[in-house]
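The values are calculated or read from the model by the stated rules, or taken from the named source; none is laboratory data. Just so you know, these numbers come straight off a predicted model, no measurement behind them. We place every Cβ from the backbone using ideal geometry, glycine too, and count neighbours over all the protein chains shown.
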Amino acid sequence: MKSRIRMSDIAGELGVSTVTVSKALSGKDGVRDNLRKSIRQKAEDLGYVYNSLPIHMRRGCNYNIGILIGAKYLGETAFYWRFYLTLLDEFKKTNFLGILEIVTSEDEANCAIPAFVETHKVDGLIILGQLSDSYLKMVTVKCPRCVFLDFYSDVGGCDCVALNNFLGSYNLTKLLVAAGHKKIAFIGSTASTTSILDRYMGFCKAMLEVALPYEAAIEDRDIRGYNIEIDLALGTHTAYVCNNDQLAGNVIRQIRRKGLNIPEDISIVGFDNDSESVTGGIGVTSLEVNIRTMCDRAVTLLIRHIENMDYVPRGRLFIDGLVVEKDSIAAPRFLELEDFSKEGK
């Protein structure tokens, strides 16, 4: 038997989280009575001595977790605000509070230290949305207990919780192929984030499997990661896989200005399952992100890291999304692209 029994030992014996053990031993809510009894019995059997002195007094814990979001992700879309609100909801199940700080493009470029990190007000960080490697390196050195959410990176050796973008894009592209489309393009800047690159690779796999030609992705962002105007060469493709639904909405508006319709003339798919107000009044077939599960996993992993000095990050955890089929896919109207191009002029 170990000379020093930890909460993680009890958790491992019972197959529960360290957070659950902590709540059970401290008498906090959120643990079923029968499980609480089992945890306390196991603690006694192992000889664990619970120190009722508050953990923040024993280890200097603030019970605050910082949430960093790049300003470039908080534009017209509410996608990351949904993530943020869900994170706050998940924190209610714990003893921790979430504190938001928005990283401007200048802060990112200059590797400015977040205020709550510099003043030691947070016990760990959730970084929501991919930032530059140089910024991530700076942050993870200053605050090693980090979880990357909705992207992954090897910088800092942190836990990463991300959407299974590869599989999602693969499945969306297969729907377009099944509808009869052969000229399909992907829109999204692959150098911007790992998410976009994985979506493009899923698209490529779906096209390769049926021996369809594919091209380099159409860029939708500048070098800083901010959205740019896209000028589509209509008449070249009969379907588009868009990096997200906000982009899909922009593409739909451009297609309509050319006198073409969705899905009669061009089919389109996206990501995030946003409302029709974002996608120009069209129900776009899209991949719904399991935000609740992703946030739950991120919070759980970070608290384990904070509460266990011996914690070793698990690496990358991918969460599957759900394809939601709507009204943006139809069989290609034009079998010959020459006829399509004439119609779209």
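At a glance:
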read-out: Residue count, region 289-315 (criterion: at pLDDT 95 or above and more than 22 Å from TYR84 (Cβ to Cβ)); value: 0
read-out: Candidates TYR84, TYR170 - the one that is more than 30 Å from ALA330 (Cα to Cα), touching a residue at least 24 places away in the same chain (Cβ under 8 Å) and not hydrophobic (A, V, I, L, M, F, W, C); value: TYR84
read-out: Residue in region 236-244 that is within 12 Å of ILE184 (Cα to Cα), among the hydroxyl-bearing types (Ser, Thr, Tyr) and modelled with pLDDT of 90 or more present; value: yes
read-out: Within region 136-153, considering residues that are free of Cβ contacts under 8 Å to residues at least 40 places away in the same chain and surrounded by fewer than 22 Cβ atoms within 10 Å (Cβ to Cβ), the one nearest to GLU307 (Cα to Cα); value: PRO144
read-out: Long-range neighbours under 6 Å by Cβ, at least six apart or interchain, first residue touching a residue at least 24 places away in the same chain (Cβ under 8 Å) and not assigned by TED's automatic domain parsing to the domain that holds ASP274 within region 290-308, second assigned to a helix (DSSP H, G or I) and of a type in the set (A, V, I, L, M); value: CYS295/LEU87; ILE303/VAL19
read-out: Within region 57-86, tally of residues that are at negative phi and more than 20 Å from the chain's Cα centre (by Cα); value: 6
read-out: Residue match in region 100-112 (condition: in contact with a strand residue (DSSP E or B) (Cβ under 7 Å, 6 or more places away or on another chain), under 19 Å from ILE306 (Cα atoms) and without any contact (Cβ under 8 Å) to a residue 40 or more places away in the chain); value: yes
read-out: Pick from region 283-319, criterion assigned to a loop (DSSP other than H, G, I, E, B), in contact with a strand residue (DSSP E or B) (Cβ under 8 Å, 6 or more places away or on another chain) and on the phi < 0 side of the Ramachandran plot, ranking: surrounded by the fewest Cβ atoms within 10 Å (Cβ to Cβ); value: ARG314
read-out: Filter result for LEU212 (among the aliphatic types (A, V, I, L, M) and buried (at least 22 other Cβ atoms within 10 Å of the Cβ)); value: no
read-out: Matching residues in region 235-278 - criterion: being in a loop (DSSP other than H, G, I, E, B) and closer than 13 Å to PHE79 by Cβ; value: ASN243, ASN244, ASP272, ASN273, ASP274, SER275, VAL278
read-out: Every residue from region 66-86 that is small (Gly, Ala, Ser) and assigned to a loop (DSSP other than H, G, I, E, B); value: GLY75, ALA78
